[in-house]
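The block underneath contains the structure these notes are about, expressed in structure tokens.
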Amino acid sequence: MLAKVTSCALVGLEGVIVEVEVDTSRGMPSLTIVGLPDAAVKESSERVRAAVKNSALVFPGKRITVNLAPADIRKEGPAYDLPIAVGVLIASEQAWPQAVEDALFVGELSLDGSVRHVNGVLPIAALANQQSIKRVFVPACDAPEAALIDGLDVFPVENLGQLAAHLQGLRSIPPYEPDLDPSSLPHPQYAADFAEIKGQEHVKRALEVAAAGGHNVLLSGPPGAGKTLLARSMPSILPLMTIEEALEVTKVYSIAGLLPSDTPLIRHRPFRAPHHTISHAGLVGGGSWPRPGEISLAHRGVLFLDELPEFGTRTLEGLRQPLEDHKVSIARATGTLTFPSNFMFVAAMNPCPCGYYGDPVRECTCSMSTISRYQKRISGPLLDRIDIHIEVPRVDYDKLTAERLGEPSQAIQTRVEAAREKQRQRFEDTPLSSNADMGPGEVRKICQLDETGRGLVRAAMQQLQMSARAFHRILKLARTIADLAGSEGIETAHLAEAIQYRPRRTI
Ligand SMILES: Nc1ncnc2c1ncn2[C@@H]1O[C@H](COP(=O)(O)OP(=O)(O)O)[C@@H](O)[C@H]1O
Ligand SMILES: [Mg+2]
């Protein structure tokens, strides 16, 4: 007899429907899986056999063939265990085919029949919803994640025996009811607050502008000036995510298998700070089992690269295309995969190997050629994509020991939020979410300058030898500064501040 059960494969961030067909026929007892399965799927036959037997069900002593269709999509991982087991039950008349109509199944089986966590349940549930499949059967531990998608009946499956009883109509599994309103969760505690950082007011201002419009920042200055501290305080001033953004981010973490078990929805912008020994695949994504890299894990949040010149040149060059496109394409034998990677790039570096070039107090011991070689590790095209270049000088003793606290992060975040609200209204019917996302078309429409402004930019372009990209980036940055100031138009002061963030000192 032939049984058909619906399941799902993941290609990048998107789900694709997979039909699991199970056929039983006379012959030597065996279980064969066809349809481009990887090793983990092939091993499924052993797990399914043991799980069925250990759940007080009968494993048919027949020749069983399992086909995963469509055959041109590679099937990875153990998530097909559950649909295969259900197919075997139907094909051996231990459950009725009607019981699986309009339903989708995913789950890994352990040998005793219990159902284990699988990655990517959120995009799988999203696909079910798109395809008007009303019921999804997922591992019990993943039910809160699937329940983030409205309009689905999510059935949390603890073990195969329980699922069989449900399908046989003996004892039904109650659909999962989310017990917690995600918007009622408390505000998180941040490791660092801007109030604790003494002085550095101009750096804090630059980081506020960056957070308000999603712009990229490079902090440079001598060791111990507070670059790492400042960058790591960023999460405390970032704007909240919209529900759509939160779902996008949660999908990425779901696929990477990094979703914390107690929080089904990621509500706070990610802050990723990989070490400089990270591999190219670790940063941009890829590998034989393609996973989102750090740039995708930082989607809608911040990617912080501390000690920027220590990262390999090839690794850094891998950032160029995603910084422009806000997504990354990974080539594979079976086609290309795309992951989203719209992140704010924050980097920190010393100006030279000894760290004191340009410092007013301590003398730099590097030769000019060493400094030049050091700075050349970061290519022009990458620097060009950074809107805000800011120097972080050392703070003097008096400032550092002053009792007075700075402005708390909460107050800065309120201003950032107000500026973001303006952007949300501006980009309401577009896929854009912040000023940094604007393309040349939007820049032309939205970032209009007056006569004085045009004169200022013309002069700056000549003096700083700016590229067309830098020109557009300045206009976008000026738009954010105007939004922070609550101004309708871009005024000369806003433009001047934006220009001042472009790099000027080169060797
Ligand atoms: N402006 C500041 N206010 C308060 N503490 C600071 C400041 N700058 C630096 N520090 C202290 O110095 C330490 C080192 O700073 P860090 O951010 O690691 O410097 P950098 O990354 O520039 O080398 C911080 O952990 C903090 O204790
Ligand atoms: Mg540091």
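Cα centroids of region 134-175 and region 471-498: 52 Å apart. Descending by average beta-carbon neighbour count within 10 Å, the peptides 380-391, 189-200 line up as 380-391, 189-200, the highest first. Centre-to-centre separation between the Cα atoms of region 59-93 and those of region 414-449: 49 Å. Across the options GLN98, LEU111, ALA460, the greatest Cα extent toward the positive end of the charge dipole of the chain (unit charges at beta carbon of Lys, Arg, Asp, Glu) belongs to ALA460.
The angle between the Cα long axis of helix 44-53 and the longest principal axis of the Cα atoms of the chain comes to about 50 degrees, rounded to the nearest 10.
Would you please give the FRET efficiency between ARG332 and SER379, computed as 1/(1 + (r/R0)^6) with r the Cβ-Cβ distance and R0 = 30 Å, to the nearest 0.05? Plugging the Cβ-Cβ distance into 1/(1 + (r/R0)^6) gives 0.65. Using the Cβ-Cβ distance between THR32 and GLN448 with R0 set to 56 Å, the FRET efficiency works out to roughly 0.25.
Remark on the chain: ratio of C-alpha radius of gyration to 2.2 N^0.38 Å is 1.17.
Averaging 1/r across all pairs of distinct Cα atoms in region 1-99 and inverting the result yields a Kirkwood radius of 13.4 Å. Each Cα pair under 8 Å and six or more residues apart adds its separation to the average, and for the chain the resulting relative contact order is 13 percent. For the chain, the residue among ILE378, ASN435, PRO235 whose Cα projects farthest onto the positive side of the dipole built from Cβ charges is ILE378.
At 0.36 nm per residue, minus the direct Cα-Cα distance, what do VAL58 and LEU405 gain on full extension? Give it in nm, one decimal, please.
Gain on stretching VAL58 to LEU405: 117.9 nm.
Please report Rg over Rh for region 250-349, where both radii come from the alpha carbon positions and Rh follows the Kirkwood definition. That ratio is 0.96, to two decimals. Stretched out straight at 0.36 nm per residue, the stretch from ASP398 to THR263 would grow longer than its current Cα-Cα span by 44.2 nm.
Quick check: Cα centre of region 218-290 to Cα centre of region 333-379, how many Å? What the calculation gives is 20 Å, centre to centre.
Counting only DSSP H runs of at least 4 residues, each contributing -39500 (n - 2.57), and dividing by the residue count of the chain, the helix-based mean residue ellipticity at 222 nm comes to -10000 deg cm²/dmol.
What number results when the radius of gyration of region 69-194, computed over Cα atoms, is divided by 2.2 N^0.38 Å?
Expressed relative to 2.2 N^0.38 Å, the Cα Rg reads 1.21.
Working ranking of peptides 404-414, 68-78 by packing, defined as the average number of other Cβ atoms within 10 Å per residue, highest first, is 68-78, 404-414. The angle between the Cα long axis of helix 121-130 and the main principal axis of the chain comes to about 80°, on a 0 to 90 degree scale.
Relative to the Cα centre, the charge distribution of the chain, modelled as +1 at Lys and Arg Cβ and -1 at Asp and Glu Cβ, gives a dipole magnitude of about 1420 debye.
Every number in this text was worked out from the coordinates using simple rules, so none of it is lab data. Predicted model only: the values in this text are computed from it and were never measured. FYI the Cβ positions are ideal-geometry reconstructions off the backbone, even for glycines, and counts take in every protein chain you see.
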